[in-house]
Every structure is written in C-alpha cells, then in structure tokens.
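Below is one structure; the comments refer to it alone.
The values are calculated or read from the model by the stated rules, or taken from the named source; none is laboratory data. Here the structure is a predicted model, which is why all the values come from computation and not from measurement. Neighbour counts are summed over all protein chains in view; Cβ atoms, including those assigned to glycine, are modelled from backbone coordinates with ideal geometry.
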Amino acid sequence: MRVPDSAPSLISRRDFLVATSAAAASTCLMAQADDPASTKNTSWPSFRNGNELRGIATATLPSKLEVLWKEAVKDGVQSTAAIVGPHVFVATLGGELICYERQTGKRVWTYFSAERKKPDDFIAGFQSSPTVTDELVLLGDEDGIFHAVDRKTGKQRWKFETGAEIVACAAIVDDKAIFGSYDSTLYCVKLATGAEVWKFKTQDRINGSPAIAGDLTFVTGCDQHLRAINITTGKEKFDLPLERFMIASPAVLGSMLYVGTHESEFLAIDVSKPEVVWRYREPGKDLPYHSSAAVTEEKVIVGGQDKLLHCLDRKTGKQLWAFTTNGQINSSPVLAGSDRVFVGSNDGHVYEVGLNDGKQRWKLKLGRSVAASPAVGEGVLVIGAEGNEGAIYCLGAK
C-alpha cells in the first residue's frame, strides 16, 4: 500500500504494506464474530478476527511452535490469512487467492484476480486480506475490483468494480459487505449479488478496514478524518477532523477507538463525544504507526516504524513496556491466550512476546521482510513473508 501523496514519500505497491492489515489494511470479519473474546468459535475468518478489529484469537496454540508446512508464493504475501475449519485462505501480491488444507498445506483451489494467458503475465495483486463467510471468500485487488469467490469451489460468484485499488478488508454485517477504496469511497454491497446498497464519499483514499460497533462503522484514511457512518443508511453520524493521515485500521472497545497515525502518534478517541482522550508518542522517535493495534480490557499493543512493539495502558496511554526488533513493525500484533503476543517484523522474523512483561519468548526467521500480520485459528498460526522469495508458513504442533 502507498502512503498519501502529501506524506513525505510514496511507497511502491510491491514494496510496502499498509497495515490494516494492512496489514491494513484490513476488518475482514464474519457476522457471527462480533466480539472474538466472547465466542467459542476457534476460527480466524478475517484480518483482525471480529467487527471491533481487536486482534484477539479465540484459538489456543501449542507451547512450542514448529513449521507444519510452507509454500513459496509469487511476489510474496503482505495480507493476513484466514483460517476457517480445515482450510487456510491466503491472498498474494501475485494475484492469487489460494485455499489450502490446513493440516497438510495441499492446495485445494487457486483463484486469480484476472485471466492469465501466460504463467508470467502480470495481473493485479491482492493487498487486501480475505474475509471468509459460510459461502464466500471476499477481497479487493490493486485494480479496484472487489471479488466474491465460492468458498468450496474457488469459482467467481460476482465482482464489483470501484474506481481505484482496494487495500483494506471488508466488514460483513448481516447480508452485506462494507469496504473502502482508494477512489475515496466507502461501499456497502449485498453479499448475494454484489448489488450496491449505498456508498459514502470521503475526501481522500481510504486505507483502513472499517471497524463496526453497534449500528456504526468507523473509517479512517488519507483525508485525516475519523468518520462514523450508519451501516443501514450510509449516512454520516459524525466527522472528527484529526489533521493526521491514518494508514492503520482502528480498533474499538466500548465507546473507545484506538488508532495510530502516519504522524507518529497513537490516539485514543471517545466516539461517544467524540474527542481525543489521550495521545501517545515515543520520546525521541518521529516515525509512523502503520500497524493496527491489539486491544484488551487493560492494554493496547501496537507496532511502530521505530522498530518497537509498544504496550500501553488502555485508560491512560502510559507506556508499560516496549520490545525492540531489528526492523520496522508494520505487522499488526495478535493476542493468543492470556499472555502471548505474536507479531512480524521487517527484520524477517515472527516473534512471540509476553503480554505482561514484554520479554521475547520465541522467534523464527521467515524471509526478507514480514509485514503481514499473524492469523491464529484452529490450533495453528499462519503468516506470510514478502518479496520474490516470499512464502506462506503454517506453524503448530507436529
């Protein structure tokens, strides 16, 4: 994903992930998983595993993680996988949506963003993470096409065309999908047919996945605003100017929303007022937050381009600890169990860090860079690495 034109630099679509995951980019959720902390479902159907985008897994992981299988994929992976039942769904920058057998890594089917007449033909890549429902896998591509794919067969059900690339994930609410596009528009379409229900025009590109709370969806992006949109009518509830670009997707808990900015601040916003309650900036650091936060009742965990994984007190914004890696953290952290945080780094590793003390417990070298976010479901962790030598890894107990 690219940072805004008015930001300090442009980043190639092939070189950088906007976490929302992005890493953003991304919501990707099933309708029944409104709050991952309260459901017994052990799948991971979306980017942040629930309407609130809190990044909390409901599945447990073995104490020792080993590589169960891995597969090289064209141009690598920046988006977050989905894990539902016996299958893993992965979207690649080479324009492939792949369904794997979770236990063996065998390909079940492969869907392409466009027809490829020759094996090396360029087709639009997928930066958007897949959203899995009972029948469909949904995601957008770099040409602005939103795809609905049959979950069992891998065949296209329908597609919806927007005016620019789609880098974030879709939120599923009842029989509708909500997603944003770089054409500065938030769309709501019917799951059955792809017919447009409503659309809302913002002032610039939409980077983050829409968070859902009650009858509102919250959307952030390049126009430096936080907007609340009624999910039934498509009408704006409020518009809070923040004067900051937001690449990451927001997370919501109760009346509080948490999101990092491209201007090196992390914000806690009371959406019932609406107003900023606290701001966090790492002393001596002036680097963006493109990672989306994991949020518990007490803590907020977020990665930064300062190479740190930050843990903040949810109520005050005070730093509780910071864990250092050797590369930017654009990957969005995931909490699995009561005290296990997993995150990727541009130093090529995926890490496990203790939630309570911020100490490293484990790491594994995956490749050149890991901007993708972990997916944790059905007893495994799935994560991808970037670049021409990129691969998808499934980790669990042998």
Taking the stretch 331-352 and the residues there that are out of contact with any strand residue (DSSP E or B) (no Cβ under 6 Å at 6 or more places or on another chain), on the phi < 0 side of the Ramachandran plot and among the small types (G, A, S), the one that is surrounded by the fewest Cβ atoms within 10 Å (Cβ to Cβ) would be S338
If you go through the stretch 28-42 one residue at a time, do you hit one that is at pLDDT 95 or above and closer than 24 Å to G140 by Cβ?
no
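Residue by residue, here is whether (1) more than 26 Å from P62 (Cβ to Cβ); (2) of a type in the set (D, E, K, R); (3) in contact with an Asp or Glu (Cβ under 8 Å, 6 or more places away or on another chain) holds:
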residue	(1), (2), (3)
A294	no, no, no
K299	no, yes, yes
T316	yes, no, no
N330	yes, no, no
S373	no, no, no
G377	no, no, no
Suppose the filter is free of Cβ contacts under 8 Å to residues at least 24 places away in the same chain and either of a type in the set (F, W, Y) or under 17 Å from L240 (Cα atoms) (or both); does K201 pass it? yes
Just a yes or no: is a residue in the stretch 266-275 of a type in the set (S, T, N, Q), assigned to a loop (DSSP other than H, G, I, E, B) and touching a residue at least 24 places away in the same chain (Cβ under 8 Å)? no
Only one of C99, C169 is in contact with a His (Cβ under 6 Å, 6 or more places away or on another chain) and surrounded by 14 or more Cβ atoms within 10 Å (Cβ to Cβ), namely C99
Practice task
Test E161 against the criterion of being surrounded by fewer than 17 Cβ atoms within 10 Å (Cβ to Cβ) and over 30 Å from M256 (Cβ atoms), and give yes or no.
Solution key: yes
The condition from (1) in contact with a Lys or Arg (Cβ under 9 Å, 6 or more places away or on another chain); (2) surrounded by 24 or more Cβ atoms within 10 Å (Cβ to Cβ); (3) at pLDDT 95 or above that E386 misses is numbered (3)
When the stretch 48-101 is checked residue by residue, the ones that are more than 16 Å from C394 (Cα to Cα) and either under 13 Å from the mean Cα position of the chain (by Cα) or among the acidic types (D, E) (or both) are R48, N49, G50, N51, E52, L53, R54, G55, I56, D75, E96
Scanning the stretch 185-205 for residues that are part of a loop (DSSP other than H, G, I, E, B) and touching a Gly at 6+ places or on another chain (Cβ under 8 Å), the one surrounded by the most Cβ atoms within 10 Å (Cβ to Cβ) turns out to be R205
The number of residues in the stretch 353-377 that are modelled with pLDDT of 95 or more and surrounded by fewer than 20 Cβ atoms within 10 Å (Cβ to Cβ) is 11
So, F238, is that one surrounded by fewer than 19 Cβ atoms within 10 Å (Cβ to Cβ), touching a Pro at 6+ places or on another chain (Cβ under 6 Å) and closer than 23 Å to V173 by Cα or not?
yes
For the stretch 57-88, the count of residues that are surrounded by 15 or more Cβ atoms within 10 Å (Cβ to Cβ), among the charged types (D, E, K, R) and part of a loop (DSSP other than H, G, I, E, B) equals 2
